[in-house]
C-alpha cells in the first residue's frame with residue numbers, strides 16, 4: 001500500500017456524509033488521490049459510509065490486492 005489509511009481522509013474534503021463509495025472515490029480522484037487509493041475505495045465492502053473515520057477504518061481492515 002502506497003498510502004496510509006489515516007491520510008486517505010485528506011482526499012475526502014467536502015464530502016457530504018453519508019456517502020456512497022462511488023461518491024468517495026470521485027471526491028478522492030478530484031482531490032488528486034493516488035489511483036491505488038481510488039480503486040481501493042471502489043472495492044470496499046460497505047456501500048455507504050457515515051464519516052471519514054469509517055472510511056479509514058474500512059481501508060485498514062480491507063484486504064489489499066497484490
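Coordinate-derived values only; no laboratory data. None of the values given here were measured: they were computed from a predicted structure.
Points to keep in mind about this one:
- Percent of Cα pairs exceeding the 15 Å cut-off, where the set is the range 5-61: 32 percent
- For the range 5-61, the relative contact order works out to 44 percent when only alpha carbon pairs closer than 8 Å and six or more residues apart are counted.
- Residue-averaged [θ]222 nm for the chain, counting only DSSP H segments that reach four residues, each worth -39500 (n - 2.57): -13000 deg cm²/dmol
- Residue-span extension gain [residue 20 to residue 42] - 0.36 nm each, minus C-alpha spacing: 7.0 nm
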